[in-house]
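Computed from the coordinates by the stated procedures, all read-outs in this text should not be read as laboratory data. Small disclaimer: the values here were computed from a predicted structure and weren't measured. Note that we place each Cβ from the backbone using ideal geometry, even for glycine, and neighbour counts take in every protein chain shown.
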Amino acid sequence: MTAASAAAPVSVAWGAATDVGRRRSLNEDSYLAAPPLFLVADGMGGHQAGEVASATVIEEFARLAGRASLSIAEVQTALRAARHAVETLPDGGGAGAGTTLAGVAIADVDGEGYWLAVNLGDSRTYRLSEGVLEQISVDHSVVQELIDAGQLDAASAARDSRRNVITRAIGAGSDSEADFWMLPAETGDRVLVCSDGLPTEVDDALIDTILREEHHPQAAAERLVREAVAAGGRDNVTVVVVDALSVQTRAGRDRFDTMPSAAAAPDTAAFDEIDGDTLPRARARA
Ligand code: MG
């Protein structure tokens with residue numbers, strides 16, 4: 001689908017697909033693909049609890065669909081409401097339930113279009129920008145912590161028995177904060193949001209190839225899901241693909257002058273103007 005609202009700082013086209021896979025009886029993933037939000041939630045907890053938890057979080061964020069853009073404060077407010085809703089699910093329906101949440105909101109920073117990425121857990125957000133595919137989110141998982149500590153390499157992590165253990169979630173007894181990233185959007189950017197059922201089955205090289213080969217975002221989402229199921233489908237798999245068709249920029253200014261970077265981020269005007277809580281990756285994870 002496409003949306004070209006005059007007020008939106010990023011005009012987008014998008015697609016989404018989900019599949020239960022070949023081993024599970026329930027699909028506990030939920031997603032939202034409705035500007036300004038593109039989110040995936042991967043529920044956990046038996047007896048349908050995960051399905052309820054992920055759907056509950058997505059319903060909370062769906063209230064914001066139709067807005068031109070969102071601020072970090074608005075996303076944080078929705079996140080608090082979502083967390084409260086999951087924690088107060090009735091016994092039986094959701095006791096012990098939890099969910100991941102990953103994805104992007106369209107944000108407006110001083111008249112320019114940005115991607116506001118959010119993450120809790122091990123669902124992922126990637127961006128293909130100017131020919132380079134990068135994973136934006138950092139997994140909140142035991143294996144990621146071992147990789148960061150130098151105790152595990154990426155190849156071994158894919159086979160590690162602890163690969164499904166996450167260290168942050170909404171619900172499931174976790175009260176950890178989300179990570180946020182503010183990225184200046186570029187025309188031609190393609191953002192991929194997925195549950196772990198995709199990278200469990202499809203390596204980054206094939207993800208990259210499919211994102212380049214499939215012009216239409218719906219075709220890309222469907223092919224990625226199809227590949228994950230064909231490769232084993234050991235988990236539910238959900239994919240949202242969002243393309244930036246055009247990005248609003250302030251006239252007469254080279255946007256790269258103020259692009260936050262790892263070295264300069266805390267002092268940039270872009271961060272200060274949005275919200276004092278915005279933190280670059282290193283500090284957000286502390
Ligand atoms: Mg999963």
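Across the stretch 233-245, computed HN-Hα scalar couplings (Karplus, 6.51 cos²θ - 1.76 cosθ + 1.60, θ = phi - 60°) run x, 6, 9, 4, 9, 9, 9, 10, 10, 10, 10, 8, 7 Hz from first to last residue, x flagging Gly and Pro. Roughly how many Å is it from the Cα centre of the stretch 203-240 to that of the stretch 16-47, as a whole number? Measuring centre to centre over Cα atoms gives 14 Å. Under a model in which nothing but the beta-carbon of Lys, Arg (+1) and Asp, Glu (-1) is charged, the stretch 2-283 shows a dipole of about 520 debye around its Cα centre. When DSSP beta bridges are restricted to pairs lying wholly in the stretch 2-283, around 100% turn out antiparallel.
What Kirkwood hydrodynamic radius do you get for the stretch 2-283 when you take the inverse of the mean 1/r over all pairs of distinct Cα atoms, in Å?
On the way: mean 1/r = 0.0528 Å⁻¹.
18.9 Å is the Kirkwood radius here.
Taking label positions 7 Å along the Cα-Cβ direction at both Ala219 and Ser156, the computed distance is 4.2 nm, reported to one decimal. The spacing between the stretch 136-170 and the stretch 104-127, judged by their C-alpha centroids, is 22 Å. Counting only C-alpha contacts under 8 Å and six or more residues apart, can you give the relative contact order of the stretch 2-283 as a whole percent? Relative CO of the stretch 2-283 lands at 25 percent.
With a 10 Å radius around each residue's Cβ, average the other Cβ atoms per peptide and rank 165-172, 112-119, 185-192, 198-205, highest first.
On the way: 165-172: 22.6, 112-119: 24.2, 185-192: 21.1, 198-205: 17.6.
The peptides rank, most packed first, as 112-119, 165-172, 185-192, 198-205.
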